Amino acid sequence: MRTPVRILLAVAATLAVLVPLGYFWVDSLVPSTYSMAAMGRPDSGGGPDAHRHGGLSVADLTGPSGTPNVAITLVARNENGRYTLNHTTPGPEIRVRQGQLLEVTLVNESVPDGVTLHWHGVDVPNAEDGVAGVTQDAVPRGGRYVYRFVVPAEGTYWYHSHQVSDDEVKRGLFGTLVVLPPTPLAAKVDTVVAVHTYEGRRTINGRAGVSPLAARPGDLVRARVVNTDAGPIRVWVSGTDFRVAAVDGHDVNAPPPIASQAVVVTAGGRMDLEFTVPPSGAVRVDAGAGAALVAGGAPGTAEPRPNVDLLRYGAPAPLGFDPGKATRRFEYKVGRRIGFLDGQPGYWWTVNGHLWPDVPMYMVTTGDIVRMTIANTSGEVHPMHLHGHHAVVLSRNGVAASGSPWWIDSLDVGNGQTYEIAFIADNPGIWVDHCHNLKHAADGLLAHLAYAGVDTPYRVGGKAGNQPE
């Protein structure tokens with residue numbers, strides 16, 4: 001009798017393991033096609049229930065009609081495995097003035113998985129946001145799509161594909177967007193410093209190593225640093241003091257001079273640095289890994305160890321709203337655990353303890369004042385990016401901000417850090433709120449901010465092959 005008992009016990013033990021595993025495996029499966037508005041765990045942030053869909057379509061939240069002030073066509077191509085826009089990567093630098101109507105026609109000539117353009121940091125109407133499966137269908141080979149929006153604020157921004165974005169951005173489907181103020185800038189030299197790593201080589205504006213900076217003694221230079229990579233970069237200026245003039249398209253109030261320090265630019269983030277070329281003419285902007293802009297033959301210097309702390313940099317100024325009167329409060333806790341993600345076993349990112357797709361859908365109504373706490377215990381840094389809105393940093397690890405208002409759309413949250421941010425819900429739609437290490441987003445580190453009464457006709461997966469991350 002012992003042998004059958006042992007067999008029964010072994011079978012029971014096996015079932016005790018396999019049945020729960022099977023349940024979790026089945027529970028993790030994601031439909032082959034689904035609406036992003038129907039996914040996730042609705043969270044109204046302690047305010048009135050806002051979990052209502054329908055009545056207003058994302059497709060109707062478009063930019064205005066009329067004759068554009070600036071019109072450009074961007075043709076996406078697969079050129080020997082590297083993706084280009086108008087045969088270049090980075091794609092063409094677009095310059096417009098604040099308040100102008102911009103029209104961009106995207107043509108996909110040969111990118112196999114389809115393509116979109118997301119206007120990173122620009123608070124566009126939702127239909128113009130360029131997220132495949134949420135605000136549009138990916139543009140297939142042979143197709144085209146037109147984006148139209150009034151550029152609402154001056155600053156440094158960039159655009160990139162939000163279809164299979166981890167792969168397509170790495171391969172080169174991105175470019176920069178500079179929005180100039182209505183009046184001329186004080187800077188005589190205004191240059192973009194787009195940092196991107198191709199096949200392991202860090203570049204500035206597509207060029208590895210040292211590139212020339214066309215500036216003379218006495219020139220005021222504005223260097224617009226754009227981090228298009230997956231992780232933070234450190235940038236510093238040698239040969240003269242500099243200031244952080246703007247972060248993520250927002251001016252810094254009363255920025256003091258900086259010497260022998262570096263700035264940390266979040267993945268997806270932008271930082272405008274200003275400095276005056278010294279009488280020697282020798283000045284250098286370093287972005288690490290040997291990539292630099294150089295004037296006057298300035299030699300390389302040792303990378304400074306301290307970082308500028310934007311929580312205390314500059315002088316306080318009014319926010320324009322009172323975060324103390326928040327109508328909704330959300331938590332975005334990033335962790336990691338073993339489990340199944342769409343049937344695949346692994347060590348995955350979690351949001352509030354849950355794996356995708358069982359993650360929050362942060363529900364708001366227009367006019368809400370929102371406070372969000374972002375905490376990270378996952379073991380890695382995460383550059384968190386909220387579409388369609390700019391938020392102000394209120395505190396870090398419980399220490400209140402004391403410098404210039406630190407407005408962000410992309411924020412590094414390091415392991416063990418907790419940030420509190422606030423913003424006004426003033427741009428209706430369904431908006432991605434995700435890690436801009438795009439591989440992390442593809443592995444489930446994303447949630448959404450959704451407005452009550454808004455729905456989307458687009459689907460992830462399906463015939464259009466939409467795959468935003």
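Quick note: the coordinates plus some simple rules give every number you see, no bench work behind them. Treat the numbers as computed from the prediction; the structure is a model and nothing was measured. Quick reminder, even Gly has a Cβ in these numbers, built from the backbone with ideal geometry, and neighbours come from all protein chains shown.
Under 5 Å between amide H atoms, partner at least 5 residues away or on a different chain: which partners does Gln100 have, H built in plane at 1.01 Å?
Counting only residues 5 or more places away or on other chains, the set is Val151.
Indicate, rounded to the nearest 5 percent, the antiparallel portion of the DSSP beta bridges found entirely in the chain.
If I count the DSSP bridges inside the chain, around 70 percent turn out antiparallel.
Given the DSSP H assignment, sum -39500 (n - 2.57) over each helix run of at least 4 residues in the chain and divide by its residue total; what's the result at 222 nm in deg cm²/dmol, nearest 500?
Mean residue ellipticity, 222 nm, calculated: -2500 deg cm²/dmol.
Charges on Cβ only, +1 for Lys and Arg, -1 for Asp and Glu, centred on the Cα centroid of the chain; of Val193, Ile408, Met36, which one is farthest towards the dipole's positive end?
Value: Val193.
Could you size up the charge dipole of the chain around its Cα centre, putting +1 on the beta carbon of Lys and Arg and -1 on that of Asp and Glu, and report it in debye to the nearest 20?
About 780 debye.
Using a 10 Å cut-off on Cβ atoms, rank the peptides 386-394, 57-65 from the highest mean neighbour count down.
So the order, starting with the most tightly packed, is 386-394, 57-65.
Using Cα pairs under 8 angstrom and six or more residues apart, how large is the relative contact order of the stretch 189-295, in percent?
Rounded, it is 36 percent for the stretch 189-295.
Express in whole angstrom the spacing between the alpha-carbon centres of the stretch 286-317 and the stretch 226-243.
About 5 Å separates the Cα centre of the stretch 286-317 from the one of the stretch 226-243.
Over the chain, what is the mean sequence separation of C-alpha contacts under 8 Å (at least six apart), divided by residue count, expressed as relative contact order in percent?
19 percent
With contacts defined as alpha carbon pairs under 8 Å and 6 or more residues apart, what's the relative contact order of the stretch 43-99 in percent?
Rounded, it is 16 percent for the stretch 43-99.
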